[in-house]
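Accompanying notes for the structure given below.
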Amino acid sequence: MTPAQREQFGTMMRLYPEWNEKINVISRKDIENLEVNHILHSLAIVKFLKFTPGTRILDLGTGGGLPGLPLAVYFPQASFHLVDRTGKKLKVAQDIAQQAHINNVTFQHGDVAEVKSQFDFVVSRAVMPLPDMVKLVRKLISHDNFNAIPNGLLCLKGGDLEMEISRYKREVLIDDLSVYFQEDYFKIKKILYLPL
């Protein structure tokens, strides 16, 4: 990472706890684990796929900007559209993006059904069950593939996913994050990829 990117992450590390005092963006019990459980977890997608310049990513249910803001810092040549129904959490993400000078992000307050653009990938962090998400985002995925894998859905999830993925067993790919990270937090964490 460049010094500018390191500074952006430093700004995030400072601002999330400040905001969390006012608005519960991250569980109050977990804010002390911000770096590993939230920033690093968001960046786990980097271990699976390096977005090429020009890639368009939708962060569905971003809350306070996770995983979208850390990914936007890591991939400054890609564009990120962060959507959430909770306005006060989205306000946190907007403020952090502004103060950290993260310029490759846009925001939308509302339901994903209101999104009209198309994207190469949709990312999320344990927002909803996979079948529900597929119904919502399938029409938002562009068919112009120019990354190492076909366009689709990248979800950060934990626990037993057998029931959730049963309908997509032939297409879905699950990558265990404990392969990449030694911290206990990642023992049951996974990246789930579904081409759409």
Before we move on, is Ile102 crowded, with 19+ Cβ neighbours inside 10 Å and either at pLDDT below 95 or part of a loop (DSSP other than H, G, I, E, B) (or both)? yes
Per the filter on segment 49-76, residues farther than 17 Å from Asn147 by Cα, among the small types (Gly, Ala, Ser) and part of a loop (DSSP other than H, G, I, E, B) are Gly61, Gly63, Gly64, Gly65
Within segment 112-130, is even one residue assigned to a loop (DSSP other than H, G, I, E, B) and more than 17 Å from the chain's Cα centre (by Cα)? yes
Taking into account only those residues within segment 31-58 that are surrounded by 13 or more Cβ atoms within 10 Å (Cβ to Cβ) and without any contact (Cβ under 8 Å) to a residue 24 or more places away in the chain, which is nearest to Tyr74 (Cα to Cα)? Glu35
Only one residue in Arg14, Arg28 is surrounded by fewer than 19 Cβ atoms within 10 Å (Cβ to Cβ), farther than 29 Å from Leu173 by Cα and at pLDDT below 95, so which one is that? Arg28
Is it the case that some residue within segment 7-25 is within 30 Å of Asp144 (Cβ to Cβ) and of a type in the set (Lys, Arg)? no
Over segment 1-45, the set of residues part of a helix (DSSP H, G or I) and within 15 Å of Phe186 (Cα to Cα) is Asn33, Leu34, Glu35, Val36, Asn37, His38, Ile39, Leu40, His41, Ser42, Leu43, Ile45
Within segment 174-193, which residues are of a type outside the set (Lys, Arg) and not in a helix (DSSP H, G or I)? Ile174, Asp175, Asp176, Tyr180, Phe181, Gln182, Glu183, Ile191, Leu192, Tyr193
Among Glu164, Glu171, the single one that is among the acidic types (Asp, Glu), free of Cβ contacts under 8 Å to residues at least 60 places away in the same chain and in a helix (DSSP H, G or I) is Glu164
What number of residues in segment 147-160 are within 14 Å of Ser124 (Cβ to Cβ) and modelled with pLDDT under 95? 1
Selection status of Lys91, surrounded by fewer than 18 Cβ atoms within 10 Å (Cβ to Cβ) and in a helix (DSSP H, G or I): yes
What is the number of the single condition among (1) surrounded by 21 or more Cβ atoms within 10 Å (Cβ to Cβ); (2) at pLDDT 95 or above that Pro76 does not meet? (1)
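The values are calculated or read from the model by the stated rules, or taken from the named source; none is laboratory data. Keep in mind the model is a prediction, meaning the values are calculated, not measured. We place every Cβ from the backbone using ideal geometry, glycine too, and count neighbours over all the protein chains shown.
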